[in-house]
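S.K.: Once you've had a glance at the structure underneath, I'll fire off some questions.
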């Protein structure tokens, strides 16, 4: 018996193996992985990886600041090319523009007015001003189109479809104002200014002053006839209402008739109406446009 005990002691090792801390941690991790098998699954198979397609994508129509500058530059270049080409074509007919178009209002005036050149370069400056002004007037629809195409991407689809004829409308208003100023306002005003004052003073007008007066008048009447378009824009953004314009209708009519009476050379009521009625019609058209736009805005709000 004692021999068996001694043989058993000899077969046993003198020291037992001691587990270090790393072995203990690995054992604990193994046990934990057995209890929670999902933790060992790679991220690719868990389905928790964020979907890149869910991130908001930038709209293709949106442009950054540099792209806006490029767009402005492109539109300005196109408008400038159109202006230069039309101005060059107008230069071919410079004599006709000066002798027939520029002097035309003087021919329709009942008072004798003499133009005179006071500086050596006066005739050259006159021709250049007439040619460049004609180029601007004739290229106005193209310039307005380029401006509108730059603004159009920022509008909604409904606003784009409703404003397809906006360039035609703007151009018609501008040319109507130019025609009114040239055929109606200029002859009447020149007759008034030439006939006013002492009969002992001759009206020898410097050609530079005359051309400045003519171009300023035509540009002013062209912009005044844009009143319906301005009314449309102000009503669209909510700054103008038809109620406001109707409330001040009487004030506007009286003011316009006073202006017509001032520029009319005689006390003839017919002549005053020729000047005043078109401006009153513009005001009434603006009221109608403002009413239409406000109805559209109210309909969109209640949808």
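S.K.: Return the distance in nm (one decimal) between the two label points of a simple spin-label model at residue 281 and residue 84, each offset 7 Å from Cα along Cα→Cβ.
M.R.: In this crude spin-label approximation the distance works out to 4.0 nm.
S.K.: What residues from region 230-252 fall in the zone where the backbone N is under 20 Å from a label point 7 Å along the Cα-to-C-beta line of residue 151?
M.R.: 230-242
S.K.: With a Förster radius of 22 Å, plug the Cβ-Cβ distance of residue 132 and residue 183 into 1/(1 + (r/R0)^6) and report the FRET value to the nearest 0.05. Let's see the in-between values first.
M.R.: On the way: r = 22 Å, r/R0 = 1.01.
After rounding, the FRET efficiency stands at 0.50.
S.K.: Hey, another quick one. Would you calculate the separation in nanometres between label points at residue 165 and residue 299, each defined as 7 Å from the Cα along the Cα-to-beta-carbon direction?
M.R.: 1.6
S.K.: Express in nm, to one decimal, how much length is gained between residue 93 and residue 108 on full extension, taking 0.36 nm for each residue of separation and deducting their alpha carbon distance. Let's see the in-between values first.
M.R.: Values: separation 15, 0.36 × 15 = 5.40 nm, distance 2.17 nm.
Contour length minus the Cα-Cα distance gives 3.2 nm.
S.K.: Let me ask something else about it. Could you calculate the FRET efficiency of residue 201 with residue 273 from 1/(1 + (r/R0)^6), where r is the beta carbon distance between them and R0 is 35 Å, rounded to 0.05?
M.R.: Working: r = 31 Å, r/R0 = 0.88.
Once the sixth-power term is evaluated, E becomes 0.70.
S.K.: Roughly how many nanometres apart are two label points built 7 Å out from the Cα toward the Cβ at residue 248 and residue 71?
M.R.: It is 3.4 nm.
Values quoted throughout were computed directly from the atomic coordinates according to the rules given, and no laboratory measurement underlies them. Worth saying up front: this structure is predicted, and the values here are computed from it rather than measured. Note that we place each Cβ from the backbone using ideal geometry, even for glycine, and neighbour counts take in every protein chain shown.
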